[in-house]
Amino acid sequence: MSQLRQFIRSNSSVLCQAALVLSCLLHGGTPGQTQEEDLTDPVIAYNKSVSAIQLRNWGEALKLTNGVIAEHGNGAMKRFGPVFGHFYFLKGLALLGNDQAKESIEAFKTCYETYSNEILSTGTDDEIKGLLPNLFRNAALVQWANAEMKTEQYVAAKDLFEKVLVVGKDDSKVNLIHVGVNLGRCYLKAGDLKKGYEFMSRPLGNTNLSDGLRETIYMIIAEDWTPEVEFPEVLEFLQTYSEVVDNDPFIERYDRNDRFQYLAQLALQKQDPVRALAWYERIVNPRLLLPEYEQRFESLKNRPVPEELGAKKAEVLNELSKQLNDLEQGYIQTLNGVGSSHFMLQNFPGSYVAFSQLSDQAGKSHPERPVFLHNAVVSAAQIEKWKEAYQYGKQFLDEFPEHDLKPAVARVLVELLFLREEYDEAFRVSGEVRQDMTAGEAIRDVPDFVYGASAFHLGEMETAETELSAYFQTYTEGERREMVHFFLGLTKVQLRKWEEAAGVFSEFLSTYPKSPLTPPVLYQAALSEFMIDRLEDAVAKVNRIHEEFPNHETAPPAWNLKGDIASTLEAPMEEIEFCYTNGRDGGIRFQQSDTTAYSLWQLLMLAVDNEQWDAAAQHYQQFQDDYADSDYRNDFLVAALPMLVEQGRADEGRQLLRDRVWENRTDPESATLSEMFGSYVDFLESNYENDFLQEQLREIQFERGTTPALRGWAMIALADSMEQAEADADTVNKIYYQLEAGFKSEEHSNYPAVRLARWITEVRKRPEEARGLYEYILENRPGTPNYDYCLVDVAQIQAQSDDPAVREEAMQKFAEVVSAIPNEELREKAVLGMARIRMQEKKYEEAIPHWEKYLENRSWSLSRPEANYSLASCYEQQGNLADALKIYVSVYANFPGHLDWSTRAYLRTAAITKGSGEDLKALQILQDMLKRMGHLDHPGVEKAKEVFGTWRVEYAAKVKSQENAK
Amino acid sequence: MSCRIPFFFPILVVIAAAPSSMVRADLATIYFKDGKTTTIELEGVDRARLLWKQSSSASEVNSTLRSEVDSVTFPTTETWRKAEDARESGRLEEALKLYGEVIADPVSNYFPFPGNFVSLAKERMLQCYRLQLDASKVAAQAKIVREEFFHLPPELKRVEPETAAWTAIADENWEGAITALETVEAPTAETYFLKARALEGLGKSDEAVTEYAGAYVLNFGGSILLTREALRRSSQLVFELGDPEKTAELQAQVKLYRDLYGKGKLWEGAPEQLATLADGEIKALGEAESEMTKPKEPADKMSGPVISGSATVATLPAQEDRDFLLVEELPDRVFLIGGREDKETITMSGGVAKEAESFVFDGTGGQVSVGSADLRKLFMQIRMQFETEETTSHLIHCRYDNLGGFSVYLKEGELLMDWAPREKAATTSVIGKVEPGVLTNLMIILRTDGRRETTVGRARIEDEVPEGGLEIVQGTPVVFGNAEKTMANEELPPFKGRVHHFSFVSADNGLVAVEETTTRFGKKVHLLPPPPEAEGE
């Protein structure tokens, strides 16, 4: 029995009846008679086509329908009527099923247009006799529209769907809801957003429709409509309909994640972060599905399977493992998007949480880890989570030293360190990171600034000067140029390059007239100008501060500076006092204790200088009441001493000085101990008897709680005091012996150690022992007071060595002094030392530059006769007798009293003269010498007498011989 | 402890009075204390013992002491499933009500083993209260759950740090809350929220703002209540801090609150300035450094029209104009009619997952059990729509111990059926051919007179089995997918492929079968438009 007839048997619809009639007409028989062999038979072909379609055998269905159409298509309308359109409908379905949507259009169109049922109502009875209606006409129209839609011909599809709504409204086979949805989508695709949304949102709001259909509609609107409309409209849609997708179980929601992810990323790309977050809110957190997938994984893992299924099990486990990984990656991708959205919204707490989590959790091998770390650093910096920003920045630099983002991270990191005042780290890290960058690149701008400015804060002024100057030259449009300009000026100030500092600050003021740094720049400029005696310029700047920025914190110190200038200009006392008084009051107002303390110190000195003891006492009291801990306390105390003495309070002053000494007794390297001990001894010397002084010093030596350092100071002072009192050498030496016994360098200040060392060298004649004391200081206390003296003293000891290597060490120490120590006294000793070593070694050529250097510096007077004589000796050794003679003559002419050198100079002058054959002149020189110095007891004089006697005898013999020859 | 006592007795009665009770022949997973796990057929539950079989075909009943078991995943009940679904979907009030129903029905839901639904429901209620951010209810429920520890799986036998923090917060013990959270290794949105609440309580507003950010950022797609509350509190704190440099941050937060979580409004009592701020335009900062490439359209983005059905449906008259439904038009793609219970119980186990309306078998031994069939009936109809990837595998299986049953399987492309009436040897017949990768419609009808009609696609084979049916009185599930062995004791690979539809109808005769099917779905049901052979019975 054919399917067509089976179909008819089980249905009573019009369609079935029509098919039955078709069958009867075609075959002229009754239902039940079939010719299954003839595939061009319409009934057989029809039934087989339907069957093939039901089994998705599209090729078969197409073959069958094409066969019938080819066989019967011509004149089919007349012969069979509109019902023949059914074959075109089936053909269209087969083509659609076979993914030939474009080709299916013609079939559906033919079914609908060619096989219209109109003839059945307009034709005569004869014409319509035996003809049957096309019952798939509206269905064909729907499929035609579907096919147009599938081929993205949305306008054409839209027209067709609109038509369906009219012609198919009473056709139960037409699913008007789906038609409406598709029509809505066509409107959207064709650009009619309003109409499209209207058509789509109506069924979306219909809770009678299936969840699946509503979800489909929601997603269509989301994907096709929302990207095209303004966010407020989208928002309304989301607020109204999102529960359609939000309340599904996680697993179903997860299926939509990729699509919402896409919409969110699209929004981010269009700089619309709120919209992006709206879509991210629809995404189910993939981590919520982890338990489900993990359970699947564990379940399979634990399930025993037959051996032959082992490979398959492994394969599925692998797939599940991949899915688990996909879940994690999905989470990371989403969190990345959420973090980016908050970043764009400048909601940095949000972006910080996202990127810090990603940095912590995404794993070190995640391809976007550098981005996560970078964003974490930037976000953390924005919310002032400095520690975290630093940590993530460090991780970045450690893990991705070659990454493109390194400069950006480094930039944030180094600036962060700088802002945190971690200058050591800022200096180190900026130094490292900029090595990979080219100077002048924009990205190196901040690291270069931080490097230079950190060097400034670390007191590395030479480096700071070099770096900041380089920045200034390199980055003509630099981001931190203004700050660099400022720091460069400060560096010059620190280096006491006042002239340059004044220039830098002056340029700053003209380049950045509205800079917020103007008040401090004015102050620093004024200070610099004050130091180079451009007092009027300095006053002008200070006045600007007081006129333009009276409430700026720079105003009080500027008053102090103005007081200093007035003082220098020897202005009337009232004027100076006015300035410091303002400085004092301003300092109190701004709670600048240093400024106030300085003002009080200056006011005190002013009062003392002018013997206004009551006023001085007032300042003294104010200082002691409120600023007793100020950095100026020691200077202040020293300045107050005359007032205290004057007011009969010398003991108070003495006690205070002693207290200060005592306070600092535990730190042998303390400069304050050195200064205050000196002041204490001076005060005792000036205001008390020597016995009292010595008693006080002994007290300090033996007082409970005293320290070796303090004891050392006291003993040296006691020895000095005794020397001044002309005590015998043994008594003084006894003190030094006591000091030397058990002397531990680390427990003593440099000064007592140096004094002891000199005593050991000079009195005990044991320079090598003394060297140990010096070397402790040289090795352990560079930069402390008296260090430089040690250097020179040791070099001088080494210079006496017979070992050339030791002498070379001495040369190096002297050279260090010459190049690095600004103390002229020591520099003179150093140059002299170097020259002497070379002389001792008879390296005359090398000695010459040292002697010349010595002689060039006219203020050096320690050994000018020696220097001249030695230089002449060098010339003489080189055969330059003319220059040698000139200098020898100058020595005995200019330094006749320096017998060691003047006598030698005479003798060498005479010898050279004699050597040139001028015997008489040589004798005259010696005669001149003996005339001047003959009465003096000096080996040189004795030598001259001896030589003169010898030469005179020789000369007489020679003259006699010549006369005889004549 | 006191609440457990009344529950024991009825269970014992049920087990004793009805050995083939509800839990019989249902799959459960036992987690042993030694770390092993096994999925078994649960036979019964006693106070101290679990009775089970390795499979439905096994005859040996094992007994496991409670002391050997960590926990059991029991076959779920409908109320439980609904409650879980409601909770997962965020319908918390509904979920709480349903969990209440579970607790109130210990006969169905309580077994004296860790993993029973009554104890689990109490724990789930705690989770619901946490999701509702109701500190006082969390604190109260935490006490109840604490008393259930004995009956909870090991992973739930602990007071989670978040629960402890909620309890502390209920007492305004802010420091205590922070201390409780210190042990959290992987903080969640809730953890952040709780820490923020505690910090806020301590007056540490700045720190609280960052912690609230953790809550609303990490909670994407999660409970709106948590996100909304975190944003509200954070915004309020930032506003109170009054830092003008945080204006952009504040604006972002109030805008997000209003637009995404507040349905266009700020919270009641929100300062007017915040409403103004939310109205203002946000100028997005340049994108965060990101290597997110240009978005790619997702592969599953819908294209083409929304259609009403398959091409098969398209060739049919409208539903109103016919008296049958195709299986693709059914609300339930898997069903059992004429079974031992009112409605079928469907249990998936092993390597099978549900995708849309279909079951996907990965070939590692997944099976779907549909219970419980009545094998006493003389008329049986099995329908299946599937695609296989293999030519040899198990397909359908139904047996009761070693008494008898039937199995359908593939062997080198041929479809075979073993038929084993009670205590009789199985007879094996080739009943059709199946091609891999092709959608296959299979229908097997066993008539009262012993005729067996098999339709594979349009191909039909008619043969006979011994008259009188299987004669098995016990109920047992019909399983599709994997099986242990065929009825003829042959071991085959598990099924790999997709099943779109499966149904089993048993009745006294064909007419009753049609009648019962029609009663359930309103119309007759066909795999394909109408197979006339189904008529007339």
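Bear in mind that the values in this text are calculations on the coordinates, not laboratory data. This one's a predicted model, so the numbers in the text were calculated from it and none came from an experiment. Glycine also receives a Cβ, built like all others from the backbone with ideal geometry; neighbour counts cover every protein chain displayed.
Per-residue Cβ counts within 10 Å, from other chains only, averaged over A:169-176: what number is that?
Average neighbour count from other chains, rounded to a whole number: 3.
Helix A:671-687 versus the longest principal axis of chain A: what is the Cα-based angle in degrees, 0 to 90, to the nearest 10?
Once rounded, the angle reads 30 degrees.
Considering every residue in B:246-259, what mean count of other chain Cβ atoms within 10 Å of its Cβ is obtained? List each step's numbers first, then the result.
On the way: counts 5, 1, 5, 9, 2, 3, 12, 5, 0, 5, 10, 0, 1, 10.
Other-chain Cβ atoms within 10 Å of each residue's Cβ, averaged: 5.
Karplus couplings for segment A:403-414 from phi (6.51 cos²θ - 1.76 cosθ + 1.60, θ = phi - 60°), rounded to Hz, Gly and Pro as x?
With the stated coefficients, segment A:403-414 comes to 6, 4, 7, 3, x, 5, 5, 4, 4, 5, 4, 5 Hz.
Contact order normalised by length for segment A:668-785, with contacts defined as Cα pairs under 8 Å and 6 or more residues apart; what percent is it?
Working: 99 pairs, mean separation 29.9, N = 118.
Relative contact order for segment A:668-785 comes out at 25 percent.
Based on the Cβ-Cβ distance of B:M348 and A:R420, what FRET efficiency does E = 1/(1 + (r/R0)^6) give at R0 = 60 Å, to the nearest 0.05? All intermediate terms of the calculation are to be shown ahead of the outcome.
Working: r = 58 Å, r/R0 = 0.97.
Calculated value: 0.55.
In nm, to one decimal, how far is the A:N823 label point from the A:R79 one, both placed 7 Å along Cα→Cβ?
For the pair A:N823/A:R79, the computed spacing is 12.9 nm.
Could you tell me the relative contact order of chain A? Use alpha-carbon pairs under 8 Å, at least six residues apart, and round to a whole percent. Mind dumping the intermediate values first?
Values: 1199 pairs, mean separation 24.7, N = 966.
Rounded, it is 3 percent for chain A.
Mind listing the long-range amide H neighbours of B:D70? Cut-off is under 5 Å, sequence gap 5 or more, other chains count too, H placed in the peptide plane at 1.01 Å from N.
Under 5 Å from the amide H of B:D70: B:Y31, B:F32, B:K33.
Helix A:369-382 sits at what angle to the longest principal axis of chain A, using alpha carbons and giving 0 to 90 degrees rounded to 10?
Taking Cα atoms only, the helix is inclined about 60 degrees.
Could you line up B:K377, A:K842 from fewest to most neighbouring Cβ atoms inside 10 Å? Don't jump to the answer; show the numbers that get you there.
Working: B:K377 20, A:K842 10.
Exposure proxy ranking, most exposed first: A:K842, B:K377.
Output ³J(HN,Hα) for segment B:402-416: one whole-Hz value per residue in order, computed from phi by the Karplus curve 6.51 cos²θ - 1.76 cosθ + 1.60 with θ = phi - 60°, and x for Gly and Pro.
Working through the residues one at a time gives 9, 5, x, x, 8, 9, 10, 7, 10, 9, 6, x, 8, 9, 10 Hz.
Among A:L684, A:S745, A:I700, flag the residue with its Cα farthest along the positive direction of the charge dipole of segment A:668-785, charges on Cβ as +1 for Lys/Arg and -1 for Asp/Glu.
It is A:S745.
Quick check on segment B:66-152: take the gyration tensor over C-alpha atoms, sort the square-rooted eigenvalues as a ≥ b ≥ c, and tell me if it's rounded (a/c under 1.5), prolate or oblate. Spell out each step's value before the answer.
Working: a/c = 2.13, a/b = 1.31, b/c = 1.62.
Oblate, since a/c reaches 1.5 and b/c is not below a/b.
Could you compute the FRET efficiency for A:Q295 and A:K195, with r as their C-beta to C-beta distance and R0 at 56 Å, rounded to 0.05?
Numbers: r = 47 Å, r/R0 = 0.85.
The computed FRET efficiency comes out at 0.75.
Using a 7 Å offset from the Cα along the Cα-to-Cβ direction at both A:K169 and A:E769, what is the distance between the two label points in nm, to one decimal?
Result: 12.8 nm between the two label points.
Can you order the peptides A:48-55, A:267-274 by their average number of other Cβ atoms within 10 Å per residue, highest first? Walk me through the numbers before you get to the answer.
Values: A:48-55: 24.1, A:267-274: 20.2.
Averaged packing, sorted descending, gives the order A:48-55, A:267-274.
Relative to a virtual label point 7 Å from the Cα of A:E384 in the Cα→beta-carbon direction, which members of segment B:195-223 show backbone nitrogen distances below 18 Å?
Counting backbone N atoms under 18 Å from the label point, the list is B:200, B:203-213.
Angle, helix B:189-201 long axis vs. longest principal axis of chain B, Cα atoms, 0 to 90°, nearest 10?
Computed tilt is about 20 degrees.
Quick check: pseudo-label points 7 Å beyond the Cα along Cα→Cβ at A:A893 and B:N509, how many nm apart are they?
It is 15.9 nm.
With contacts defined as alpha carbon pairs under 8 Å and 6 or more residues apart, what's the relative contact order of segment B:324-534 in percent?
Working: 583 pairs, mean separation 67.9, N = 211.
Reported as a whole number, the value is 32 percent.
In terms of modelled amide H atoms, which long-range or inter-chain residues lie less than 5 Å from the amide H of B:F111?
B:N116, B:F117, B:V118
Using 0.36 nm per residue, how much length does the chain from A:E856 to A:Y955 gain when fully extended, once their Cα-Cα distance is taken away?
Details: separation 99, 0.36 × 99 = 35.64 nm, distance 4.05 nm.
Roughly 31.6 nm would be gained on extension.
If one computes the Cα centroid of segment A:648-667 and of segment A:85-145, what distance in Å separates the two points?
120 Å
Can you grab the distance from the C-alpha centre of segment A:266-291 to the C-alpha centre of segment A:586-621, Å, no decimals?
Using only Cα atoms to place each centre, the spacing works out to 68 Å.
Using Cβ counts within 10 Å as a stand-in for footprinting exposure, how do B:I382, B:I282 rank, fewest first?
On the way: B:I382 23, B:I282 20.
Taking fewest neighbouring Cβ atoms as first place, the list is B:I282, B:I382.
Apply the Karplus curve 6.51 cos²θ - 1.76 cosθ + 1.60, θ = phi - 60°, to the phi angles in segment A:319-328 and return the couplings in whole Hz, x for Gly and Pro.
Using θ = phi - 60°, the values come out as 5, 5, 5, 5, 5, 4, 5, 4, 4, 5 Hz.
Please give the average number of partner chain Cβ atoms lying within 10 Å of the Cβ of each residue in A:257-266, rounded to a whole number. Could the numbers behind the result be given before it?
Working: counts 2, 6, 6, 2, 3, 5, 2, 2, 6, 3.
The mean count of partner-chain Cβ atoms within 10 Å per residue comes to 4.
Suppose R0 equals 56 Å. What FRET efficiency, 1/(1 + (r/R0)^6) with r the Cβ-Cβ distance, do B:T76 and A:F400 give to the nearest 0.05? Don't skip to the end; give the middle numbers.
Numbers: r = 49 Å, r/R0 = 0.88.
Rounded to the nearest 0.05, the efficiency is 0.70.
Based only on other Cβ atoms within 10 Å, what is the fewest-to-most ordering of B:F324, B:F502?
Details: B:F324 21, B:F502 26.
By the 10 Å Cβ count, ascending: B:F324, B:F502.
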